[in-house]
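The values are calculated or read from the model by the stated rules, or taken from the named source; none is laboratory data. Everything numeric in this text was worked out from a predicted model, so none of it was measured. Here Cβ is always computed from backbone atoms with ideal geometry, including for glycine, and neighbour counts include all displayed protein chains. Please note that ligands, DNA and RNA were not included when accessible areas were found on the heavy atoms of the full protein model with its side chains. Shrake-Rupley method; radii C 1.70, N 1.55, O 1.52, S 1.80 Å.
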Amino acid sequence: MADQYAVFGNPVAHSKSPRIHTLFARQTGENIEYTSYLSTEDDFAEDILLYFIAGAKGCNVTVPFKEAAWQVADSHSDYAARAKAANTLKVQTGGLIYAANTDGIGLVRDLQQNHAINLQDKRILLLGAGGAVRGVIQPLLEAKPEQLFIANRTTSKAITLAKEFADLGAVSGGGFADIGGTFDLIINGTSASLQSALPPLPAGCLVAGGVVYDMMYGSQAQGFLDWGKTQGAAQCLDGLGMLVEQAAEAFYLWREVRPDTAPVLAQLREELAS
């Protein structure tokens, strides 16, 4: 019988995670079955516990449950503990739940390996302050940028978040009105893309030939990427590579087998285009 895995989210029907992990399993010969579960904020903790009691081995967690996933776990990886958010859960001996956060690993790997973008000594603007953003701050700071500025509609959330990670590097936070100077890389981690909206960014905040990156992918990311084009971005990237790379890290955590991401990413690109 196949080991059971899933992704929990709301919404979740659009998720590419079942497709990605099915392709990983086919590639590596791992006997797993991966599905998706729609949950609610009121039911999430109970849904997770019942899911694991039924014998499942692990799951991914997407919007809006990443902070709740951190809370439901018995132990945490360093990234999850610092972020206070998790996107990957795994059952350990005795039924205890272990939480990891592979989002930042996926983002940095996609930027550095798939797109050959050097983050060291660069000025990075990170938009948002939710669970998705919390998970990428530490890995971004470990890449040693010159500055990481977190901008959010609620100024106090961005400032508080920056203070939580201040011991790891040059990070500060503020409102969108506090964005000053120009940045080499602008990463959109807000939920604005889900509503086909744009964060209120000042014109000219991207350096000529800079990079814009939306954590969403496909049509959801298009509005932000189109904005990047108007600002003279050399590369306008969506988050499909981040999704595949974070999934590969989760797959490795569960199965101790590392899948090859390149052919899976290429196949997903082809499927999205058609």
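Between Q231, Q92, Q220, the residue with the greatest mean-square fluctuation in the GNM of the chain (Cα pairs under 10 Å linked by springs) is Q92.
Please compare each pair in K163/K229; K16/K122; K57/K122; K57/K157; K57/K84 to a cut-off of 29 Å on the Cα-Cα distance and tell me which ones are over it. From K163/K229; K16/K122; K57/K122; K57/K157; K57/K84, over 29 Å: K163/K229; K16/K122; K57/K122; K57/K157.
Ligands, DNA and RNA aside, V264 has an accessible area near 10 Å² when probed at 1.4 Å. Surface calculation, 1.4 Å probe, protein heavy atoms: S191 sits at approximately 70 Å² accessible. How about segment 1-108: which GluC sites (Glu not before Pro) there lie in a loop by DSSP and see at most 12 other Cβ atoms within 10 Å? Sites meeting the loop and neighbour criteria: E41. For segment 75-181, the list of trypsin sites (Lys or Arg not before Pro) that fall in a loop by DSSP and count at most 16 other C-beta atoms within 10 angstrom reads R153.
Of S196, S39, the order by accessible heavy-atom surface (1.4 Å probe, DNA, RNA and ligands excluded), from most exposed downward, is S196, S39. Mean sequence separation of contacting Cα pairs (under 8 Å, at least six apart), scaled by the length of the chain, corresponds to a relative contact order of 15 percent.
Taking a ≥ b ≥ c as the square roots of the eigenvalues of the alpha-carbon gyration tensor, segment 166-265 is classed prolate because a/c is 1.5 or more and a/b outweighs b/c. Beta bridges from DSSP with both residues in segment 45-152: antiparallel share about 50 percent, rounded to the nearest 5. At an R0 of 51 angstrom, the distance between the Cβ atoms of R26 and S156 translates into a FRET efficiency of 0.65. Which GluC sites (Glu not before Pro) does segment 174-274 hold that lie in a coil by DSSP with at most 11 other beta carbons within 10 Å? Filter output for segment 174-274: E256.
Extension gain, E164-T40: 0.36 nm per intervening residue step, less the Cα-Cα distance, totals 41.8 nm. Spacing of the modelled spin labels on Q195 and Q92, each 7 Å from Cα toward Cβ, amounts to 3.9 nm.
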